[in-house]
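Trainee: First, the structure itself, so that you have it in front of you.
The values are calculated or read from the model by the stated rules, or taken from the named source; none is laboratory data. Remember, it's a predicted structure, so these values are computed and weren't measured experimentally. As a convention, Cβ positions derive from the backbone with ideal geometry for all residues, glycine included, and neighbour counts pool all protein chains shown. With ligands, DNA and RNA removed, areas are computed over all heavy atoms of the protein, side chains included. Shrake-Rupley method; radii C 1.70, N 1.55, O 1.52, S 1.80 Å.
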Amino acid sequence: MFKPKSIIKSLKHQELDLSQEFNLLCWNVAKLTLKSSYKEFVDSLIHEHKLDILLLQEVKKHLSHEIELQDYSYVLSPNIETKKHIFGVLSAFKTSCHSERSLLSKKQELRYATHKTSLITYHKISNEQTLLIANLHAINFVKSSDFKHELDELHVGIKNHQGAMIVAGDFNTWSAKRVSYLREFSSSLELKQVDFKNEKDIKRVFSNTLDYIFYRGVELVSSIVVDSKKISDHNPIIAKFKL
(Lines give C-alpha, C1' and ligand atoms only; values in the text may rest on other atoms or scores of the structure.)
Protein backbone atom coordinates (compact mmCIF):
# COMPACT_ATOMS: atom_id res chain seq x y z
CA MET A 1 0.00 0.00 0.00
CA PHE A 2 1.09 3.56 -0.73
CA LYS A 3 0.24 6.90 0.78
CA PRO A 4 -2.29 8.44 -1.65
CA LYS A 5 -1.08 11.26 -3.85
CA SER A 6 -3.97 13.63 -4.51
CA ILE A 7 -7.70 14.29 -4.73
CA ILE A 8 -9.50 12.95 -7.80
CA LYS A 9 -12.43 14.98 -9.10
CA SER A 10 -14.88 15.39 -11.96
CA LEU A 11 -16.94 18.59 -11.87
CA LYS A 12 -19.81 18.87 -14.37
CA HIS A 13 -22.33 21.18 -12.66
CA GLN A 14 -20.36 24.35 -12.00
CA GLU A 15 -23.18 26.62 -13.23
CA LEU A 16 -25.84 25.07 -10.96
CA ASP A 17 -26.79 26.21 -7.46
CA LEU A 18 -28.13 23.71 -4.96
CA SER A 19 -31.92 23.20 -5.02
CA GLN A 20 -34.02 24.81 -2.28
CA GLU A 21 -34.85 21.28 -1.11
CA PHE A 22 -32.23 18.58 -1.46
CA ASN A 23 -31.83 14.93 -0.48
CA LEU A 24 -28.55 13.74 0.98
CA LEU A 25 -27.36 10.16 1.46
CA CYS A 26 -24.56 9.05 3.79
CA TRP A 27 -23.29 5.47 3.47
CA ASN A 28 -20.22 3.38 4.26
CA VAL A 29 -20.14 1.14 1.18
CA ALA A 30 -17.47 -1.26 2.52
CA LYS A 31 -15.24 -1.20 -0.60
CA LEU A 32 -18.05 -2.74 -2.71
CA THR A 33 -18.39 0.02 -5.30
CA LEU A 34 -17.11 -2.18 -8.14
CA LYS A 35 -19.69 -4.91 -7.48
CA SER A 36 -22.77 -5.14 -9.71
CA SER A 37 -25.03 -5.63 -6.67
CA TYR A 38 -23.85 -2.30 -5.26
CA LYS A 39 -24.30 -0.48 -8.57
CA GLU A 40 -27.84 -1.78 -9.02
CA PHE A 41 -28.78 -0.87 -5.45
CA VAL A 42 -27.34 2.63 -5.46
CA ASP A 43 -29.04 3.30 -8.81
CA SER A 44 -32.35 2.29 -7.22
CA LEU A 45 -31.71 4.62 -4.26
CA ILE A 46 -30.91 7.52 -6.59
CA HIS A 47 -34.11 6.89 -8.56
CA GLU A 48 -36.42 6.35 -5.58
CA HIS A 49 -35.14 9.13 -3.30
CA LYS A 50 -34.10 11.68 -5.96
CA LEU A 51 -30.70 12.07 -4.34
CA ASP A 52 -28.88 15.36 -4.85
CA ILE A 53 -25.82 14.60 -2.71
CA LEU A 54 -24.07 11.31 -1.96
CA LEU A 55 -21.54 11.08 0.86
CA LEU A 56 -19.83 7.70 0.63
CA GLN A 57 -17.09 6.15 2.74
CA GLU A 58 -14.80 3.21 1.85
CA VAL A 59 -15.16 3.78 -1.88
CA LYS A 60 -13.02 1.58 -4.13
CA LYS A 61 -11.94 2.85 -7.56
CA HIS A 62 -9.81 1.42 -10.38
CA LEU A 63 -6.87 3.73 -10.99
CA SER A 64 -7.38 3.45 -14.74
CA HIS A 65 -11.19 3.71 -14.90
CA GLU A 66 -13.71 6.47 -14.28
CA ILE A 67 -16.23 6.11 -11.48
CA GLU A 68 -19.64 4.90 -12.69
CA LEU A 69 -22.03 7.23 -10.88
CA GLN A 70 -24.70 8.41 -13.30
CA ASP A 71 -24.62 12.17 -13.99
CA TYR A 72 -22.97 13.38 -10.77
CA SER A 73 -20.01 15.58 -10.18
CA TYR A 74 -17.71 14.10 -7.57
CA VAL A 75 -14.62 14.57 -5.46
CA LEU A 76 -12.74 11.53 -4.12
CA SER A 77 -10.33 11.96 -1.23
CA PRO A 78 -8.19 8.79 -1.00
CA ASN A 79 -6.65 7.30 2.12
CA ILE A 80 -5.20 4.13 0.53
CA GLU A 81 -3.54 3.51 -2.83
CA THR A 82 -2.40 0.17 -4.26
CA LYS A 83 -0.98 -0.66 -7.68
CA LYS A 84 -4.48 -1.00 -9.17
CA HIS A 85 -6.95 0.75 -6.87
CA ILE A 86 -7.52 3.70 -4.61
CA PHE A 87 -9.86 3.83 -1.62
CA GLY A 88 -11.35 6.75 0.26
CA VAL A 89 -14.34 9.00 0.86
CA LEU A 90 -16.33 10.34 -2.05
CA SER A 91 -18.75 13.26 -2.20
CA ALA A 92 -20.99 13.35 -5.28
CA PHE A 93 -23.47 16.09 -6.15
CA LYS A 94 -25.51 17.78 -8.86
CA THR A 95 -24.48 21.31 -7.99
CA SER A 96 -21.42 23.51 -8.24
CA CYS A 97 -18.37 22.91 -6.05
CA HIS A 98 -16.14 25.96 -5.93
CA SER A 99 -13.42 24.42 -3.75
CA GLU A 100 -12.45 21.31 -1.83
CA ARG A 101 -9.96 20.27 0.83
CA SER A 102 -8.76 16.90 2.09
CA LEU A 103 -7.51 16.20 5.59
CA LEU A 104 -5.47 13.01 5.97
CA SER A 105 -5.23 11.78 9.55
CA LYS A 106 -1.93 12.32 11.32
CA LYS A 107 -2.24 8.93 13.01
CA GLN A 108 -2.39 5.54 11.32
CA GLU A 109 -4.68 2.74 12.35
CA LEU A 110 -2.87 0.01 14.26
CA ARG A 111 0.13 2.36 14.19
CA TYR A 112 1.59 1.13 10.88
CA ALA A 113 -1.58 0.57 8.85
CA THR A 114 -3.82 3.06 7.06
CA HIS A 115 -4.60 6.72 7.49
CA LYS A 116 -8.19 7.97 7.39
CA THR A 117 -9.46 11.00 5.51
CA SER A 118 -11.98 13.82 5.78
CA LEU A 119 -13.21 15.63 2.66
CA ILE A 120 -14.48 19.21 2.87
CA THR A 121 -16.38 20.67 -0.10
CA TYR A 122 -17.99 24.09 -0.59
CA HIS A 123 -21.22 24.62 -2.54
CA LYS A 124 -22.87 27.89 -3.53
CA ILE A 125 -26.46 28.25 -2.24
CA SER A 126 -27.01 31.97 -2.94
CA ASN A 127 -25.12 35.00 -4.16
CA GLU A 128 -23.41 35.43 -0.82
CA GLN A 129 -23.79 32.10 1.00
CA THR A 130 -21.95 28.81 0.81
CA LEU A 131 -22.80 25.38 2.21
CA LEU A 132 -19.84 23.52 3.69
CA ILE A 133 -20.08 19.72 3.59
CA ALA A 134 -17.62 17.54 5.49
CA ASN A 135 -17.62 13.83 4.66
CA LEU A 136 -15.45 11.67 6.87
CA HIS A 137 -14.51 8.17 7.89
CA ALA A 138 -13.13 8.56 11.39
CA ILE A 139 -9.97 6.80 12.49
CA ASN A 140 -10.35 3.45 14.25
CA PHE A 141 -8.07 1.10 16.21
CA VAL A 142 -6.35 3.95 18.04
CA LYS A 143 -6.64 5.43 21.52
CA SER A 144 -9.67 7.61 22.26
CA SER A 145 -7.35 10.58 22.67
CA ASP A 146 -6.08 10.03 19.10
CA PHE A 147 -9.66 9.89 17.85
CA LYS A 148 -10.31 13.22 19.61
CA HIS A 149 -7.17 14.71 18.07
CA GLU A 150 -8.41 13.91 14.57
CA LEU A 151 -11.82 15.48 15.35
CA ASP A 152 -9.95 18.53 16.63
CA GLU A 153 -8.04 18.73 13.33
CA LEU A 154 -11.32 18.72 11.41
CA HIS A 155 -12.73 21.32 13.80
CA VAL A 156 -9.80 23.62 13.05
CA GLY A 157 -10.40 23.11 9.33
CA ILE A 158 -14.07 24.13 9.36
CA LYS A 159 -14.67 26.30 12.44
CA ASN A 160 -14.23 29.61 10.62
CA HIS A 161 -16.92 28.86 8.06
CA GLN A 162 -19.85 31.24 8.45
CA GLY A 163 -23.26 29.81 7.68
CA ALA A 164 -24.71 26.51 6.57
CA MET A 165 -22.81 23.31 7.32
CA ILE A 166 -23.35 19.55 7.09
CA VAL A 167 -20.95 17.07 8.69
CA ALA A 168 -21.63 13.40 8.06
CA GLY A 169 -19.99 10.02 7.81
CA ASP A 170 -18.93 6.90 9.65
CA PHE A 171 -17.54 8.25 12.93
CA ASN A 172 -16.53 4.85 14.36
CA THR A 173 -18.07 5.91 17.67
CA TRP A 174 -18.15 2.43 19.20
CA SER A 175 -17.30 3.56 22.74
CA ALA A 176 -18.94 5.95 25.20
CA LYS A 177 -15.76 8.03 25.24
CA ARG A 178 -15.78 8.46 21.48
CA VAL A 179 -19.48 9.38 21.55
CA SER A 180 -18.71 12.00 24.21
CA TYR A 181 -15.94 13.53 22.09
CA LEU A 182 -18.29 13.63 19.09
CA ARG A 183 -20.93 15.42 21.19
CA GLU A 184 -18.34 18.03 22.20
CA PHE A 185 -17.30 18.46 18.57
CA SER A 186 -20.85 18.94 17.26
CA SER A 187 -21.85 21.23 20.12
CA SER A 188 -18.82 23.49 19.60
CA LEU A 189 -19.91 24.00 15.97
CA GLU A 190 -23.59 24.46 16.92
CA LEU A 191 -24.54 21.42 14.86
CA LYS A 192 -27.81 19.56 15.29
CA GLN A 193 -28.01 15.79 14.88
CA VAL A 194 -30.40 14.22 12.39
CA ASP A 195 -32.64 11.79 14.26
CA PHE A 196 -34.18 8.70 12.69
CA LYS A 197 -37.38 6.91 13.71
CA ASN A 198 -35.80 3.60 12.72
CA GLU A 199 -32.46 4.40 14.39
CA LYS A 200 -32.07 0.75 15.47
CA ASP A 201 -31.31 -0.04 11.83
CA ILE A 202 -28.18 2.15 11.81
CA LYS A 203 -24.91 0.24 12.21
CA ARG A 204 -24.00 -0.18 15.90
CA VAL A 205 -21.07 -1.56 17.84
CA PHE A 206 -21.43 -2.13 21.59
CA SER A 207 -24.87 -0.44 21.33
CA ASN A 208 -23.29 2.76 19.98
CA THR A 209 -24.30 4.23 16.62
CA LEU A 210 -21.49 4.69 14.07
CA ASP A 211 -23.13 6.73 11.28
CA TYR A 212 -24.37 10.30 11.74
CA ILE A 213 -25.52 13.39 9.87
CA PHE A 214 -25.14 16.77 11.60
CA TYR A 215 -26.33 20.11 10.26
CA ARG A 216 -26.80 23.82 10.86
CA GLY A 217 -28.14 26.70 8.80
CA VAL A 218 -30.55 24.44 6.90
CA GLU A 219 -33.94 23.02 7.87
CA LEU A 220 -34.42 19.28 8.30
CA VAL A 221 -37.52 18.07 6.44
CA SER A 222 -37.36 14.28 6.84
CA SER A 223 -34.99 11.38 7.48
CA ILE A 224 -34.89 7.62 6.93
CA VAL A 225 -32.63 4.59 7.29
CA VAL A 226 -32.72 2.27 4.26
CA ASP A 227 -32.19 -1.50 4.40
CA SER A 228 -29.11 -2.17 2.25
CA LYS A 229 -30.08 -5.82 1.75
CA LYS A 230 -26.74 -6.81 3.31
CA ILE A 231 -24.80 -5.27 0.41
CA SER A 232 -22.77 -3.45 3.04
CA ASP A 233 -22.53 -4.00 6.79
CA HIS A 234 -23.82 -0.42 7.11
CA ASN A 235 -27.26 0.80 6.06
CA PRO A 236 -27.59 4.07 4.11
CA ILE A 237 -29.04 7.04 5.99
CA ILE A 238 -30.90 9.74 4.06
CA ALA A 239 -31.97 13.23 5.09
CA LYS A 240 -34.00 15.82 3.19
CA PHE A 241 -33.08 19.46 3.89
CA LYS A 242 -34.53 22.84 2.97
CA LEU A 243 -32.47 25.99 2.49
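Trainee: Of all accessible surface on segment 8-242 at a 1.4 Å probe, what whole percent is carbon and sulfur?
Mentor: Whole-percent figure for carbon plus sulfur exposure: 48.
Trainee: Additional query: Please report the net charge: other residues with Cβ closer than 14 Å to the Cβ of K60, K and R +1, D and E -1.
Mentor: Result for the local shell: +2.
Trainee: If you don't mind, there's one more thing I want to ask. Counting heavy atoms of the protein chains only and a 1.4 Å probe, report the per residue accessible area for the chain as a whole number of Å².
Mentor: I get 48 Å² per residue for this part.
Trainee: Give me the net charge of S37's neighbourhood, meaning all other residues with Cβ under 10 Å from the Cβ of S37; Lys, Arg count +1, Asp, Glu -1.
Mentor: Taking every Cβ under 10 Å from that of S37, the sum is +3.
Trainee: In nm, to one decimal, how far is the E48 label point from the N208 one, both placed 7 Å along Cα→Cβ?
Mentor: Distance between label points: 3.1 nm.
Trainee: Now for a separate question. Taking Rh as the Kirkwood radius, which is the inverse of the mean 1/r over Cα pairs, what is the Rg/Rh value for segment 84-243?
Mentor: Dividing the radius of gyration by the Kirkwood radius yields 0.94.
Trainee: For the pairs K200/K230; K200/K242; K143/K230; K143/K177; K9/K94, flag any whose C-alpha to C-alpha distance is greater than 19 Å.
Mentor: Those over the limit are K200/K242; K143/K230.
Trainee: Give me the net charge of L25's neighbourhood, meaning all other residues with Cβ under 12 Å from the Cβ of L25; Lys, Arg count +1, Asp, Glu -1.
Mentor: -1
Trainee: Under the rule of -39500 (n - 2.57) per DSSP H run of 4 or more residues, summed and divided by the residues of the chain, what mean residue ellipticity at 222 nm is obtained, to the nearest 500 deg cm²/dmol?
Mentor: Per the formula, -5500 deg cm²/dmol.
Trainee: Using DSSP to define loop residues, name the trypsin sites (Lys or Arg not before Pro) in segment 150-243 whose beta-carbon has at most 16 other beta-carbon atoms within 10 Å.
Mentor: When the trypsin sites (Lys or Arg not before Pro) of segment 150-243 are filtered for loop state and at most 16 Cβ neighbours within 10 Å, K159, K197, K229, K230 remain.
Trainee: Further question on the same structure: For segment 8-242, calculate the relative contact order in percent as a whole number, restricting contacts to Cα pairs under 8 Å that are 6 or more residues apart.
Mentor: It rounds to 21 percent for segment 8-242.
Trainee: Determine the percent antiparallel among the DSSP beta bridges restricted to the chain, to the nearest 5.
Mentor: Within the chain, antiparallel bridges account for around 80 percent of the total.
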